[in-house]
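Colleague: Got a structure here, written out as structure tokens. Questions coming.
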Amino acid sequence: MKKIKNKGFTLVELIIVVAIIALLAAATFVAINPAKRLGEANDAQRWSDITSIADAWSTYASDNSGTFVTTSADCITANTTCMIANYAGTDADYACGATTTNAIIWLDPLVTNGYIGSVPFDPKSSSVVGTSTGYYFLKDANGVVTIGSCDKYQTAAIKVIR
């Protein structure tokens, strides 16, 4: 009579295979670098936010014969870099790492008039102080508007010029 040999894997073989797969998965996770991916995602969100603000600003000005929506006259006429804030903002809310801001500007009327869904906030909370958004606004003497981010991950300055 022939002895039938059991076919299959032993417990030791299975443990070795699982350990190898776990090592490969850990190496892949480290190689992907999730912190870098998060930083790049935050920068992408910043680009999207400032582009949305710039588009809303330009559209409002175009629809209203060049009139700009804000109660912050210093930010429109004096070539002053201003922190974008909500109406509840105070002058203590304009700290910005990318540039020196001297005042705050309120763009909430862009929301109430339907030009933008909401005034966006920087995705990284450390750049947001009080009611500031983490974004700044500058209109120079030639009427050129610059909207930028106070924070960044690795890229050069994040700003849109219109």
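The values are calculated or read from the model by the stated rules, or taken from the named source; none is laboratory data. Quantities reported herein were computed from a predicted structural model and do not represent experimental measurements. Cβ sites come from the backbone with ideal geometry, for glycine too, and all protein chains shown count toward neighbours.
Colleague: Between a residue in region 45-70 that is exposed (fewer than 12 other Cβ atoms within 10 Å of the Cβ) and any residue that is part of a helix (DSSP H, G or I), which pairs come within a Cβ distance under 7 Å, given they are 6 or more apart or on different chains?
Modeller: 67/61
Colleague: Could you look through region 71-82, keep only residues that are modelled with pLDDT of 80 or more and farther than 16 Å from residue 53 by Cα, and pick out the one that is surrounded by the most Cβ atoms within 10 Å (Cβ to Cβ)?
Modeller: Residue satisfying both the conditions and the ranking: 80.
Colleague: If you don't mind, there's one more thing I want to ask. Mind telling me which of the residues 6, 86 ends up being at pLDDT below 80, under 21 Å from the mean Cα position of the chain (by Cα) and not acidic (Asp, Glu)? So that I can check it myself, show each step before the final result.
Modeller: On the way: 6 fails: under 21 Å from the mean Cα position of the chain (by Cα).
Residue meeting the stated conditions: 86.
Colleague: Name the pairs whose Cβ atoms lie under 8 Å apart, with the first residue in region 140-159 and closer than 17 Å to residue 48 by Cβ and modelled with pLDDT under 90, the second among the aliphatic types (A, V, I, L, M) and not in a loop (DSSP other than H, G, I, E, B), and 6 or more positions between them or separate chains?
Modeller: 150/83
Colleague: Ok, one more. Residue by residue through region 26-40, note down the ones that are small (Gly, Ala, Ser) and surrounded by 10 or more Cβ atoms within 10 Å (Cβ to Cβ). Outline the logic, then answer.
Modeller: Initial filter on region 26-40 (small (Gly, Ala, Ser)): 26-27, 31, 35, 39.
Passing the criteria: 26, 27, 39.
Colleague: Of the conditions (1) of a type in the set (A, V, I, L, M, F, W, C); (2) modelled with pLDDT under 95; (3) surrounded by fewer than 14 Cβ atoms within 10 Å (Cβ to Cβ), residue 21 fails just one. Which one is it?
Modeller: All conditions pass for residue 21, except number (2).
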